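Here, each number is a calculation from the coordinates, and none is a lab measurement. Keep in mind that this is a model prediction, so the values were computed, not measured.
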């Protein structure tokens, strides 16, 4: 039987401010990074289908 999920902690003060700032401005992915990620994904899918 699965264990119950614990409550999510609430952020206060500076931690909350940093979290909100990161949610508003997520890191950007360059074209090269995206191509590399998709290439790696396709390779992983091929390995799973064998």
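For the reader, a short list of remarks on this structure follows.
- Cα-based helix-to-principal-axis angle, 31-49 vs the chain, degrees rounded to 10: 70
- Helix-only [θ]222 nm of the chain, DSSP H runs n ≥ 4, -39500 (n - 2.57) each, per residue, nearest 500: -20500 deg cm²/dmol
- Cα gyration tensor shape of the chain, rounded if a/c is under 1.5, else prolate or oblate by comparing a/b with b/c: oblate
- On Cα atoms only, tilt of 13-24 relative to the major axis of the chain in degrees: 30
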